[in-house]
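Trainee: Got a structure for you, written out below as structure tokens; questions coming shortly.
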Amino acid sequence: EELQPRVENLGVGGVYYAADGKSYRYSYYIDVLATGYGGEIFSGYTFTGKQVEIGMIAVDPNTIPLRSRCYVVNEEGDLDFGVCYAEDTGSKIIGNRIDIFFGGDAEGEERARMFERKNIRVYVLVG
């Protein structure tokens, strides 16, 4: 039987079971509109002072606290970014929006452009 991602205890708090069979405890989840960013112009440092790298997201700190560990996936489970870290902000990232970093090279820039906009669920993980 193929493992399917699913959510138990919808709402505030629960456990997310990922397609890889791992489980993640979360304090809450939020549905967001996600965009992507990438390319050499983004190869510097995040708002929190870390070198930007794949696996980082930009958030509105009033919605998702900076330095949060998150699990990022769409409800269908076919866009699974796995564990990401809320280390950056952006002037257009307000409320239920995130920006997913795709890499600091031409390939990352192209992947971000092709990603366009997608509805994504962000589980803010415990611990």
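The values are calculated or read from the model by the stated rules, or taken from the named source; none is laboratory data. Worth saying up front: this structure is predicted, and the values here are computed from it rather than measured. Virtual Cβ from ideal backbone geometry, glycine too; neighbours counted across all protein chains shown. Note: areas computed on protein heavy atoms with side chains; ligands, DNA, RNA excluded. Shrake-Rupley method; radii C 1.70, N 1.55, O 1.52, S 1.80 Å.
Trainee: For K92, K50, K118, give me the order by solvent-accessible area with a 1.4 Å probe, most accessible first, ignoring ligands, DNA and RNA.
Mentor: Putting K92, K50, K118 in descending order of accessible area: K92, K50, K118.
Trainee: Can you figure out the FRET efficiency of K92 with V12, using R₀ = 25 Å and their beta-carbon distance, to the nearest 0.05?
Mentor: 0.40
Trainee: Which GluC sites (Glu not before Pro) in segment 40-127 sit in a loop by DSSP (not H, G, I, E or B) and have at most 13 other Cβ atoms within 10 Å of their own Cβ?
Mentor: Within segment 40-127, the qualifying GluC sites (Glu not before Pro) (loop, at most 13 other Cβ atoms within 10 Å) are E53, E75, E76, E116.
Trainee: Output the relative contact order of the chain, whole-number percent, from Cα pairs under 8 angstrom with separation of 6+ residues.
Mentor: Dividing the mean separation by the residue count of the chain yields 35 percent.
Trainee: Tell me, what is the FRET efficiency for K22 and N62 to the nearest 0.05, using R0 = 35 angstrom and their Cβ-Cβ distance as r?
Mentor: Efficiency at R0 = 35 Å is approximately 0.75.
Trainee: Same structure, new question: Suppose R0 equals 30 Å. What FRET efficiency, 1/(1 + (r/R0)^6) with r the Cβ-Cβ distance, do S43 and V126 give to the nearest 0.05?
Mentor: Efficiency computed from Cβ-Cβ geometry: 0.45.
Trainee: Jot down the per residue volume, in cubic angstrom and as a whole number, of the convex hull over the alpha-carbon atoms of segment 72-116.
Mentor: 104 Å³
Trainee: Under a point-charge model restricted to the Cβ atoms of Lys and Arg (+1) and Asp and Glu (-1), what is the dipole moment magnitude of the chain relative to its Cα centre, in debye to the nearest 20?
Mentor: I would put it at about 540 debye.
Trainee: If you roll a 1.4 Å probe over the chain with all protein chains in place, what percent of the accessible area is carbon or sulfur?
Mentor: Heavy-atom surface of the chain belonging to carbon and sulfur, 1.4 Å probe: 48 percent.
Trainee: Choose one answer from D78, D60, D88: the residue with the largest mean-square fluctuation in a GNM of the chain with alpha-carbon springs under 10 Å.
Mentor: D78
Trainee: What's the magnitude of the charge dipole for segment 70-127 around its Cα centre, counting Lys and Arg as +1 and Asp and Glu as -1 at the beta-carbon? Answer in Debye, nearest 20.
Mentor: 300 debye
Trainee: Mind listing which chymotrypsin sites (Phe, Trp or Tyr not before Pro) in segment 23-127 are in a DSSP loop and have 16 or fewer other Cβ atoms within 10 Å?
Mentor: Taking segment 23-127 and a limit of 16 other Cβ atoms within 10 Å, the loop chymotrypsin sites (Phe, Trp or Tyr not before Pro) found are F47.
Trainee: A follow-up question, please. Per residue, how much accessible surface does segment 15-64 expose to a 1.4 Å probe? Answer in Å², no decimals.
Mentor: Accessible surface, normalised per residue, equals 52 Å².
Trainee: Could you work out the Kirkwood radius for the chain, taking every pair of different alpha carbons, averaging 1/r and inverting it, reported in Å?
Mentor: The answer is 14.7 Å.
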